[in-house]
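All remarks here apply to the structure that follows.
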Amino acid sequence: MATPHLKNYIDGRWVESASGAAFDDLDPATGEVIATATRSGPADIDKAIEAARRAAEAWRLTPAPKRGEILYRAGEIMIQRKDDLAKEMTREMGKVLAEARGDVQEGIDMVYYTAGEGRRQFGDVVPAELPNKWAMSMRHPLGVVAAITPWNFPFAIPTWKVMPALVLGNTVVFKPASYTPMLAVRLVEIMDEAGLPKGVLNLVLGPGGEIGDHLVTHPGVDLVSFTGSSDAGAHISEIAGRLLKRVSCELGGKNAIVVMDDANVDLAIDGIVWSAFGTSGQRCTAASRVIAHRGVADEVIEKVVGRAKKMRMGHGLEATTDLGPVVSKAAQEKVASYIPIAEKEGATVAAGGKIPRDGALAKGFFHEPTVLTDVKPNMRVAQEEIFGPVTAIIESASIDEAIRILNSTKYGLSCSIYTQNINNAFRFMRDAECGLVYVNAGTIGAEIQLPFGGMKSTGNGHREAGRAALDVYSEWKSIYIDYSGRLQRAQMDTTEKPAS
Ligand code: UN1
């Protein structure tokens, strides 16, 4: 079978980039090229933004319930294609099939949830302080949204951005990570089949390093919504913020699971293994730290190490695989580079720590599930986002110390506590500086009907999903209607006798 070639989607047509250049889309479990994709440059970005601008007026004026109906249709198509989408995802970025199905399902959940906003988008109607005067607020679309999405959730995260943008009446230029162009193409195909008018959603493929700056500083873009590394987020915030564009960033994490001495330890071990090694640790919400009370630390270490050593690496499509590859050679090298850093700082590699060099695994970008012990809170492996199957176990002596360690990184996305003590649980819920807090569950597994995002350097104050996403993709417009037929001065004429 010929290798498929993936194109841009601009103004309702599948088109090659102006340069005709291409890049490879690899299966990270085998290193094989599964597709080629057109490599966009600034001229392609310009065309996509022009198309989005042309479509903006008619889309803004399309009744929101109609916009929502297109999303419902897209959701139905996604359900029919769930299996195929999941298989392609596993091939394209490596996560095991069950997790890929979860990724698609998270997209479906988001589409249905957001479609309902076509008939809500509530504003406020409030009393006015003057007689015969009306006061209310309504949402107004921003215009053109640049949605820049990561490869680790190549279906779900694009829906987190594209769906609220669309239902609120914005048009979109979608720039997916260059590791996952195929899933992006599939999402756009579905939106096209669901009946989205041309120009409302445009897709440009290519490496962010080559086209990202042009996209986010383009005068035709009103909002940049970005998920990725904190460094890239800071850069985008700087260059787009200077132009007073709206910027919404969802960035890194150094999430921790706290295990107290009163915890159900076996339950905690299940949560740790799932949260540290699910998606090969490549979730913003991955548990890359475990803060274990010294009363249970030895048991936690022994059991987590035992489980990590038993995990089977392999292709994510094989039912026997527990741990797929990381996304790329560069990612594999980055993960591996932290092992000597950990050892130099005095940590112990208690499980894993190596790149498999034999057999089929050597062809892909695998890294052993790795557990670091003797870790101190200020070590680099306890502070920096590694984004791979590595977790660092730190000991603590009390709930106070555990919370201090939890909050001692620059990030604040997800955290969890395992405890049977309600006082510990409530202290933790109150004091954790994280946007997501779990009690007796791991750090991964957020549902789309609540806000998703983090404090401190994990973001810039915005949230995705839930009702909170509506605030990212719309402006508030406050409207006053005076039907008294005379000049009424707010704050000044309020003490007069009410008009009859
Ligand atoms: C991410 O890693 O960027 O809570 C998103 C979770 C998933 C979403 C993760 N529902 O882990």
So for each of 265-271, 334-340, 142-148, 287-293 I average, over its residues, the number of other beta carbons within 10 Å; can you give me the resulting order with the highest mean first? 287-293, 142-148, 265-271, 334-340
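Could you check how many percent of all C-alpha pairs in the range 300-387 are farther apart than 14 Å? Display every interim value, and only then the final one.
Working: 2513 of 3828 pairs.
Result: 66 percent of Cα pairs exceed 14 Å.
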Taking the alpha-carbon centre of each part, the distance from the range 410-428 to the range 150-225 in Å is 35
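Express the C-alpha Rg of the range 84-153 as a ratio against the empirical globular expectation 2.2 N^0.38 Å, rounded to two decimals.
Working: Rg = 20.4 Å, N = 70, 2.2 N^0.38 = 11.1 Å.
That ratio works out to 1.85.
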List the residues whose amide H sits under 5 Å from the amide H of L142, counting only those 5 or more places along or on another chain, with H placed 1.01 Å from N in the peptide plane. E475
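Output the relative contact order of the range 390-458, whole-number percent, from Cα pairs under 8 angstrom with separation of 6+ residues. Don't skip to the answer; put the middle values down first.
Numbers: 83 pairs, mean separation 25.3, N = 69.
This gives 37 percent for the range 390-458.
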Using every alpha carbon pair in the chain, what percent of pairs falls into each 10 Å bin from 0 up to the bin containing the largest distance? 4, 19, 27, 24, 15, 7, 3, 1, 0
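Between A128 and D322, what is the FRET efficiency for a Förster distance of 41 Å, r being their Cβ-Cβ separation, to the nearest 0.05?
Details: r = 62 Å, r/R0 = 1.51.
Step by step, r from the Cβ atoms, then E = 0.10.
Over all pairs of distinct alpha carbons, what does the Kirkwood formula give as the hydrodynamic radius of the range 6-91, in Å?
Values: mean 1/r = 0.0635 Å⁻¹.
The answer is 15.8 Å.
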Could you give me the ³J(HN,Hα) list for the range 79-85, computed from phi with Karplus coefficients 6.51, -1.76, 1.60 and θ = phi - 60°, whole Hz, x at Gly and Pro? 4, 4, 9, 3, 5, 5, 4
Rounded to whole Hz, the Karplus (6.51, -1.76, 1.60) HN-Hα couplings of the range 243-255, x for glycine and proline: 8, 6, 7, 6, 9, 10, 10, 10, 10, x, x, 9, 6
If each of K329 and T3 carries a label point 7 Å out from its Cα toward its Cβ, how far apart are those two points in nm? 1.4
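If the only charges are +1 at each Lys and Arg Cβ and -1 at each Asp and Glu Cβ, what is the size of the charge dipole of the chain around the Cα centre, to the nearest 20 debye?
Details: 55 positive and 61 negative charges, 185 e Å.
So the dipole magnitude of the chain works out to roughly 880 debye.
For a protection proxy built on the mean count of beta-carbon atoms within 10 angstrom, sort 306-314, 377-385 highest first, please. Intermediate values should be presented prior to the final figure.
Working: 306-314: 16.6, 377-385: 18.3.
Result, highest mean first: 377-385, 306-314.
Can you check how the C-alpha radius of gyration of the range 369-500 compares to 2.2 N^0.38 Å, as a plain ratio?
Values: Rg = 23.7 Å, N = 132, 2.2 N^0.38 = 14.1 Å.
Dividing the Cα Rg of the range 369-500 by 2.2 N^0.38 Å gives 1.68.
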Amide H to amide H under 5 Å from W134: which residues, 5+ apart in sequence or cross-chain, H placed 1.01 Å off N in plane? I481, D482, Y483
Report the per residue volume, in Å³, of the convex hull enclosing the C-alpha atoms of the range 236-391. 145
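Take the Cα pairs of the range 180-269, get the Kirkwood Rh, then feed it into Stokes-Einstein at 20 °C and 1.002 mPa s and tell me D in µm²/s.
Numbers: Rh = 16.4 Å.
Diffusion coefficient, whole number: 131 µm²/s.
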Most exposed first by the Cβ proxy, i.e. fewest other Cβ within 10 Å, how do H462, H140, H315 rank? H140, H462, H315
Apply the Karplus parameterisation 6.51 cos²θ - 1.76 cosθ + 1.60, with θ equal to phi minus 60°, to every residue of the range 111-121 and state each ³J(HN,Hα) to the nearest whole Hz, in sequence, with x for glycine and proline. 5, 5, 4, 6, 4, x, 5, x, 10, 10, 6
Non-local amide H neighbours of M455 (under 5 Å, H modeled in plane, Pro and chain starts lacking H): which ones? G412, L413, G435
Relative contact order, percent, of the range 55-154 when contacts are C-alpha pairs under 8 Å separated by at least 6 residues? 31
Total lysine pairs under 30 Å (Cα atoms) in the range 1-111, excluding pairs fewer than 8 apart on one chain: 9
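Any read-out appearing in this document is the output of simple, stated calculations on the displayed coordinates, not a laboratory observation. Values in this document were obtained by computation on a predicted structure and should not be read as measured data. As a convention, Cβ positions derive from the backbone with ideal geometry for all residues, glycine included, and neighbour counts pool all protein chains shown.
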